Amino acid sequence: MAFLELDNLRKEFGDLVAVDGVSLSIEEGQFVTIVGPSGCGKSTILRSITGLETPSSGEIRLEGTDITELPAYRRNIGLVFQDYALFPHKTVFENVAFGLKMRGAPKAEQRERVEEMLEMVNLEGYQEKYPEECSGGEQQRIAVARAIAFDPDLVLMDEPLSNLDKNLRTSIRSELRRIQDETGVTTVYVTHNQNEALSLGDKLAVMNDGHLEQFDDPETVYRNPQTRFVADFLGRSTEVRGTYHRQNGEAVAELGGGIELQVQPSGSLADGDPASLFLRDEKLKLVDGSAPTENVLEGIIESVDYRGRDINYFIEVPKIGQTVQVSHIADHSTETFHTLGDAVSVYIEPENVTCLPADDSQP
Amino acid sequence: MATDHATTGETDVDAERGYFGVTISSRVKWNLIRAVTVAVYVMMILPLVVIVINSFNPSRLGNFPPQTLSIRWYEALLADELMLRALLNSLQVGVAAAFGAGLIGTLTAMGFVRNDFRMQDALVIVLLSPLLIPPIIVGVAATIFFGQAGIPRSLGWLVVMHTLLGLPYAFLIIRSQLYLFDETLEEAARTLGADRLTTFREVTFPIISPSIITSMVIVFVISFGEFTATQFWVKRTTTTVPVVIFSMLRTSISPKIDALATVMLVVTILVPLIVLGIRRWVLKT
Ligand SMILES: Nc1ncnc2c1ncn2[C@@H]1O[C@H](COP(=O)(O)OP(=O)(O)OP(=O)(O)O)[C@@H](O)[C@H]1O
Ligand SMILES: [Mg+2]
């Protein structure tokens, strides 16, 4: 039995289906991230778990107990809001102690626990300040301390870093991970930032349009996307259309123009099915004419995007009538860079070619 | 450089063309505005100053300026039971109406801001009607209504009616602060374990309380000075300061009126100052 279970969760706002039958099992102590484009229902799921939103149907179970109908204040779940929602008229101490006070903890215990929490988020001595006297990053950490201080069963975070600048985001991101490791509290973290999604969690849920697209550990999701949406959403890749075949025990896709690529097929593909191939830009390698002859696309450099550390080449492949994007780390000492109009070959390993059933509604 | 100069010159000419072809420099213009402003305030305040000074004038005829000062009219005021009673009534009704309108105003504002229901706009008009209907009509209408219902005049009646008259102000002031209130603060409190009532007490009320206090002060001041409608609603024992002043003016011109008016002025100015002062002090600590 999983620690937290969402069972066919559905939430409608009038005609709009915000969450469309999501089922998810989370183990105790896990750090789970949910990622997806804006409006896909991430916040609605979190709000349903805390009880701020009542699902239209489906069930939410915590340690086997159905909590779907339990009012928010009776659940023991901490939530970190995107804009922190610190009480402006209360001091940092009163903010962090609020959950404890609501549970009738004696003053001495409150003081001790708040001190411990503030120490954990590196804000020792902030007790008597008011939120408006704290910087954005400090407020963010106070919000985290407040959501954890009362020892909740579960902590939920709704894009907690989106209001911070980039540097701060990176440092607080690793701090959040450290805090989760220290406290061991089960955490669900919502973001629409790919980097956060891939780096933070033990598990990654990718959502689109109210659906759960894939739920697995981040590496698996990145390497073996199960849907076209996931393949397209995470990382950067070029989508190429073809026909799937099994040939002498090998999975290949015919791309037209006589080109065949060996691929890593998803389970549901059958011989002769139309397929979508996703070629990740960092998995495509520029090769000399001499190197591998299999799984190679030949093309002409159409444009070059030099970015210092990386170089992106856009390579037109005439035989399939498409441009693929190749990104690689520039080795300034040895490399001679390609220029516009150069004829080049691009190689990709078969296991890096994600091959999924094509969606015929989108040619 | 040359173009620059030309442009500047042009603007100057524009500015000096002034109104109705009269050229006024900006210094003169500001002095004029200042003078008019001062004149308006002087005309408003001067009569009040005369009343205050006259209330210390021992002469019955009130020749101005007084040769000597005395507090005999205040002593007379203290000896006049009717006036004391009116003052007490006014204070009681004002405070009660302030609390009544503050409470009902908070509840209705919460109800309107936090819920969506049909006819909301129409209901707002109904709620604001005491503000829109001329007081004299409210006065007569309520008198007829209470008369028909067989309810005798009492302080309670005054409190109810003054609460009603103050309610639109309380509603508007509190509602505007509630619109600014961030509801995720309440959600945060709920996820931390606060039920509805606790959330209101711990979060919503402290944050919107400045508007509640402000509206209570305003309702008090309105109640304290209300005459037009109130004159229909009082009897001898429930009379209020403005009504007494008016009825005394009809029969005599005793300087006691000046003394009573001065007391009224002081209450009207001091109560808001004290309450707002306390509010600021509480907010600071
Ligand atoms: N209270 C509400 N009333 C009506 N529609 C709502 C409400 N809350 C959310 N929605 C709609 O439900 C959908 C999902 O919203 P949700 O806030 O869960 O998205 P999200 O994934 O968190 O997006 P974002 O990344 O922008 O925060 C959206 O289309 C949104 O407009
Ligand atoms: Mg959201």
Distance in nm between A:D153 and B:L132 label points, each 7 Å along Cα→Cβ, equals 5.2
With an 8 Å cut-off on Cα pairs and a minimum separation of 6 or more residues, tell me the relative contact order of region B:185-285 in percent.
26
Contact order normalised by length for chain B, with contacts defined as Cα pairs under 8 Å and 6 or more residues apart; what percent is it?
28
Computed from the beta carbon distance with a Förster radius of 60 Å, FRET efficiency for A:S38 and B:R85 to the nearest 0.05 stands at 0.35
For the protein assembly as shown, with +1 on Lys and Arg beta carbons and -1 on Asp and Glu, the positive-most of A:S199, A:G184, A:A85 along the dipole
A:A85
Chain A: relative contact order as a whole-number percent, Cα under 8 Å and 6+ apart
15
Stretch A:E349-A:R103 to full length: gain in nm at 0.36 nm per residue minus the Cα-Cα span?
82.8 nm
Inter-label distance, nm, simple model (7 Å from Cα along the C-beta direction), A:S162/B:Q92
5.8
Ranking request for peptides A:111-118, B:36-43: highest mean number of other beta-carbon atoms within 10 Å first, then the rest in descending order.
A:111-118, B:36-43
Nearest-20 debye value, the protein assembly as shown charge dipole, Cβ charges on Lys, Arg, Asp, Glu
5680
Near-label residues of region A:145-164 by backbone N, under 19 Å of a point 7 Å along Cα→Cβ of B:T198:
A:145-156
Please give me, ordered by residue number, the chymotrypsin sites (Phe, Trp or Tyr not before Pro) of region B:79-131 that lie in loop per DSSP and have at most 11 other Cβ atoms within 10 Å.
B:F117
Would you mind calculating the gained length between B:L32 and B:R72 on full extension (0.36 nm times residue separation, minus the Cα-Cα distance), in nm to one decimal?
10.1 nm
Give the span of the protein assembly as shown's Cα atoms along each principal axis, as three whole-Å numbers ordered largest to smallest.
123, 82, 53
Go through region B:197-277 and name the trypsin sites (Lys or Arg not before Pro) that are in a DSSP coil and have 16 or fewer other Cβ atoms within 10 Å of their Cβ.
B:K235
Take the Cβ-Cβ distance between B:I274 and B:R114 as r, set R0 to 35 Å, and report the resulting FRET efficiency rounded to the nearest 0.05.
0.60
Taking only Cα atoms of region B:26-69, what ratio of Rg to Rh do you get with Rh as the Kirkwood inverse-distance radius?
1.29
Here D for region A:237-357, in µm²/s, from Stokes-Einstein with a Kirkwood Rh over Cα pairs at 37 °C and 0.692 mPa s, works out to 222
Could you run the numbers on buried accessible area between A and B, total for both chains, 1.4 angstrom probe, in Å² to the nearest 100?
1700
Qualifying lysines (Cα of each under 26 Å from Cα of B:K256; at least 8 residues distant if same chain):
B:K235
Exceeding 28 Å between C-alpha atoms, which entries from my cross-link table qualify? They are A:K42/A:K166; A:K107/B:K284; A:K166/A:K285.
A:K166/A:K285
Using the Cα centre of region A:232-327 as the reference point, and only Cβ charges (+1 on K/R, -1 on D/E), how large is the resulting charge dipole? Debye, rounded to the nearest 20.
220
Net charge (Lys, Arg +1; Asp, Glu -1) of residues whose beta-carbon lies under 15 Å from that of A:G14, A:G14 excluded, is -3
Estimated distance in nm for a label pair at A:R307 and B:V266, the labels positioned 7 Å out from Cα along Cα-to-Cβ:
7.7
Solvent-accessible area per residue for the protein assembly as shown (1.4 angstrom probe, square angstrom)
51
In a Debye calculation with equal point scatterers on the alpha-carbon sites of chain B and no solvent, what is log10 I(q)/I(0) at q = 0.10, 0.13, 0.15, 0.16 Å⁻¹?
-0.76, -1.01, -1.15, -1.23
Under 5 Å between amide H atoms, partner at least 5 residues away or on a different chain: which partners does A:Q322 have, H built in plane at 1.01 Å?
A:V317
Can you put A:I259, B:I137 in order of accessible area, largest first, using a 1.4 Å probe?
B:I137, A:I259
Name the residue farthest towards the positive end of the dipole of region A:237-357 from the options A:N248, A:Q264, A:V344, assuming +1 on Cβ of Lys and Arg, -1 on Cβ of Asp and Glu, about the Cα centre.
A:Q264
For A:E254 and A:A270, compute 0.36 nm times the residue count separating them, minus their Cα-Cα distance, and round to one decimal in nm.
4.4 nm
Rounded to the nearest whole number, the Stokes-Einstein translational diffusion coefficient of chain A at 20 °C and 1.002 mPa s (Kirkwood radius, C-alpha pairs) in µm²/s is 93
With every protein chain in place, what's the accessible area of B:S252 (1.4 Å probe, Å², nearest 10)?
50
Restricting to bridges with both residues inside the protein assembly as shown, how much of the DSSP beta-bridge set is antiparallel, in percent to the nearest 5?
75
Electrostatic dipole magnitude of region B:80-284 [Cβ: Lys, Arg +1; Asp, Glu -1; Cα centre; debye, to 20]
440
Pick out, in residue order, every one of the chymotrypsin sites (Phe, Trp or Tyr not before Pro) in region B:132-218 that is DSSP loop and has at most 12 other C-beta atoms within 10 Å; say none if there are none.
none
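The values are calculated or read from the model by the stated rules, or taken from the named source; none is laboratory data. The structure displayed is predicted, hence computed values, not measured ones. Note that we place each Cβ from the backbone using ideal geometry, even for glycine, and neighbour counts take in every protein chain shown. The area values use the complete protein model at the heavy-atom level, side chains included, leaving out ligands, DNA and RNA. Shrake-Rupley method; radii C 1.70, N 1.55, O 1.52, S 1.80 Å.
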